[in-house]
Structures are given as C-alpha cells and as structure tokens.
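Before any comments, here is the structure.
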Amino acid sequence: MSQLGPVTLEGRWIRLEPLRLHHATVLFQAGAPPEVWENLMDEFTSHEQMETFIRTAMALEAPGRGYAFAVIWRETGQAIGSTRFYDVDVVNRSVEIGWTWYTPAFWGTQVNPEAKLLLMQHAFETWGARRVWLKTDIRNTHSQAAMRKMGATYEGTLRQHRFRRDGSLRDTVIFSVIDPEWPAVKQGLLERLG
C-alpha cells in the first residue's frame, strides 16, 4: 500500500497539490467573501491567519494524521480553495475528507465533484481505504445535499458535537462511503463530470 499523502492529484479541471505557504496570499483572496465561512468552524480575516492555517495543516503530515491540499483551477493555475484528508486511521484504513471550501465563483461547478473523485479514488484505489467519511454542520444543507448527490450514505447526527464560532452548539451530520460502494459512487461522479 502506498502512502495517503502528501501527493498531487490531477483532474480535468482541477489539480490538488499539497498545501504550502506559497498558497497563502491567493487563498486568502479566494476566501475573502464572508459567505465562504458561513458554515465552517474557521474564518480567516487576515493573511497571518491563513498562514497559521497552512502551518497547522502541514504539521499533521509528518505524523501521518492529515494531508491538506490547495485546489488549483487548471485553466488559470490559481488556487481557488482547499480540502484535506484528516483523521487518518491507518490500522482500520479509514479517513475523513473535509475542511473543504472554495471561493463562491466555483460553487455548483465541476470543482467539488472532481475534488471528491480525485480524493476518493486515491483513498480507495491507491491507499486501500475501507471507509471514507465526511461531516458537516446540520445547518449546512447545501453540503448535505452534495454528499447525498455524490452517493454517500447518511450515518447519523452527533448532537451538540461542538461549539460554533458564535458560541452556539453545533449538531454534526456524518456521511460515509465504504469500499463496496465505491464503484457505484465513482461511476456517479464520472457521469456528473461528463
């Protein structure tokens, strides 16, 4: 079995490359619209916060606990968001995909389906994952709809799972794809991408 990361994954529209400090300026600009952070646990209101986010993500690589990516729009070579593998469980071959965000101009495009295709294909077919899971705030119905459309299975809701930035309690919705389901999920993503 190969390592889960760090690795560069190439698609038709996007490239996922290891998140590094040289991405900070462009990602800070991509994340400038406040709606990007509406349903996420973090919000980056300064370049320094974006650099800290990247340094923290990079620190997870050495112990093999997580691998963050800059999402690059291939046509321009610009970073348009970020996503990552985390909560890596090598023994049980399980990994979460999350911390995903894109600049709003790319919402509802081929970017998210292709990112999920690249990540899951690498996890299941190269790394040998048995389970890939995703989670989101119960308020984030857009993200839940995307997970269902992708073919992920709803597993449940963690009630009062964590605090949001505003101090309110968040319920967290969990979805997953397991290895016997991956071929059908892959086919669905490929069909969506044409």
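Condition first: free of Cβ contacts under 8 Å to residues at least 12 places away in the same chain and assigned to a strand (DSSP E or B). Now tell me which residues in region 63-102 satisfy that. So that I can check it myself, show each step before the final result.
So in region 63-102, the residues free of Cβ contacts under 8 Å to residues at least 12 places away in the same chain come out as 63, 76-77, 89, 91.
Passing the criteria: only D89.
Do you know which of the residues in region 40-53 that are without any contact (Cβ under 8 Å) to a residue 40 or more places away in the chain and assigned to a loop (DSSP other than H, G, I, E, B) is surrounded by the most Cβ atoms within 10 Å (Cβ to Cβ)?
First, pick out the residues of region 40-53 that are without any contact (Cβ under 8 Å) to a residue 40 or more places away in the chain: 44-53.
Keeping just the survivors that are assigned to a loop (DSSP other than H, G, I, E, B) gives 44-46.
On the way: F44: 21, T45: 12, S46: 9.
Among those residues, the one meeting the criterion is F44.
Can you work out which of the residues in region 125-161 that are assigned to a strand (DSSP E or B), in contact (Cβ under 8 Å) with a residue 40 or more places away in the chain and aliphatic (A, V, I, L, M) is nearest to V36 (Cα to Cα)? Break it down into steps so the answer makes sense when it comes.
Pass one, region 125-161, residues assigned to a strand (DSSP E or B): 131-137, 153-161.
Within this subset, residues satisfying the condition of being in contact (Cβ under 8 Å) with a residue 40 or more places away in the chain are 131-137.
The next check asks that each one be aliphatic (A, V, I, L, M); those that pass are 132, 134.
Numbers: V132: 24, L134: 18 Å.
In this case the residue turns out to be L134.
Restricting to region 6-39, name every residue that is assigned to a strand (DSSP E or B), charged (D, E, K, R) and out of contact with any Pro (no Cβ under 9 Å at 6 or more places or on another chain).
Residues of region 6-39 assigned to a strand (DSSP E or B): 9-10, 14-18.
From what is left, the residues that are charged (D, E, K, R) are 10, 15, 17.
E10, R15 - these are the residues of region 6-39 that are assigned to a strand (DSSP E or B), charged (D, E, K, R) and out of contact with any Pro (no Cβ under 9 Å at 6 or more places or on another chain).
Which numbered condition trips up T56, out of (1) among the polar types (S, T, N, Q); (2) over 16 Å from the mean Cα position of the chain (by Cα); (3) in a helix (DSSP H, G or I)?
Only one criterion in (1) among the polar types (S, T, N, Q); (2) over 16 Å from the mean Cα position of the chain (by Cα); (3) in a helix (DSSP H, G or I) is unmet by T56, namely (2).
Quick one: which residue in P183, P113 is under 25 Å from V7 (Cα atoms) and free of Cβ contacts under 8 Å to residues at least 12 places away in the same chain?
Details: P113 fails: free of Cβ contacts under 8 Å to residues at least 12 places away in the same chain.
The match here is P183.
Values quoted throughout were computed directly from the atomic coordinates according to the rules given, and no laboratory measurement underlies them. This structure is a prediction, so every number in the text was calculated from the model and none was measured. Note: ideal-geometry Cβ built from the backbone for every residue, glycine included; neighbour counts use all protein chains shown.
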